[in-house]
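None of the figures in this text is laboratory data; all of them are computed from the coordinates on show. Note that the structure is a prediction, hence the values are computed from the model and not measured. Glycine also receives a Cβ, built like all others from the backbone with ideal geometry; neighbour counts cover every protein chain displayed.
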Amino acid sequence: MDCIFCKIIEGEIPSYTVYEDEIVKVFLDVNPDSNGHLLIIPKKHILDINEMDANTWTHMLEITKKMRKLLETKLQIDGLTLIQNNGMIQEVKHFHLHLKPFYRDPQTILPVEDIYEKITH
Ligand code: AMP
Ligand code: ZN
């Protein structure tokens, strides 16, 4: 299947992965809206919210809370917005939850590799 996120899961395309387990993978968005913009994806190919199952969704909720703590600790974020697109506004056709950090003070968008260093060290 020609799915960019399945290729990321298989390791065929590199990603700045900050967390993974048997159910999900979490990596930095290559075109971030703010520093630390993360995507949480299920490892099985799920198209969108209609195909999402309760077990995977519950697990994604737990990992979202975990990632919020990580972003608070490593990047000192002041808020977090969750977004999940379906239909025409979904660019990548593999389910993904956006975690977009909010900062009280204006921030310069830093290179993704610099943010990756901050989060993983
Ligand atoms: P959406 O409009 O919700 O489908 O957004 C897809 C998101 O995936 C966008 O924010 C892209 O910047 C992001 N994206 C696309 N390709 C990659 C990639 N190879 N690695 C990380 N993020 C990506
Ligand atoms: Zn896929």
Cα-based Kirkwood hydrodynamic radius, the stretch 4-120, one decimal, Å: 14.5 Å
Gaussian network model of the chain, springs between alpha carbon atoms under 10 Å - residue of 98, 45, 37 with greatest fluctuation: 45
Backbone N within the stretch 62-101 under 16 Å of label point (7 Å from residue 114 Cα along the Cβ vector): 75-76
Relative contact order of the stretch 4-120, defined on C-alpha pairs under 8 angstrom at six or more residues apart (%): 32 percent
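Calculate for the chain the 222 nm mean residue ellipticity that helices alone would give, adding -39,500 (n - 2.57) per DSSP H run of length 4 or more and normalising by residue count, nearest 500 deg cm²/dmol. Write down the numbers at each step before the final one.
Values: 3 runs with 38 residues, N = 121.
Calculated at 222 nm, the ellipticity per residue is -10000 deg cm²/dmol.
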On Cα atoms only, tilt of 54-75 relative to the major axis of the chain in degrees: 20 degrees
Projected label distance in nm at residue 20 and residue 55, using a 7 Å step from Cα toward the beta-carbon: 2.1 nm
Within the stretch 21-61: backbone nitrogen closer than 12 Å to the residue 6 label point (7 Å, Cα to C-beta): 44-47
Between the stretch 61-101 and the stretch 5-47, the Cα center-to-center distance that results, in Å: 11 Å
Alpha-carbon spread of the stretch 2-46, three principal axes, descending order, Å: 27, 21, 17
Net dipole in debye of the stretch 4-120 [+1 Lys, Arg Cβ; -1 Asp, Glu Cβ; about Cα centre; nearest 20]: 240 debye
GNM flexibility winner over the chain from 75, 38, 99 (Cα, springs under 10 Å): 75
Cα-based Lys pair tally, the chain, threshold under 15 Å, eight or more apart or on separate chains: 18
Simple spin-label estimate for residue 89 and residue 105 in nanometres, 7 Å along Cα-Cβ: 3.2 nm
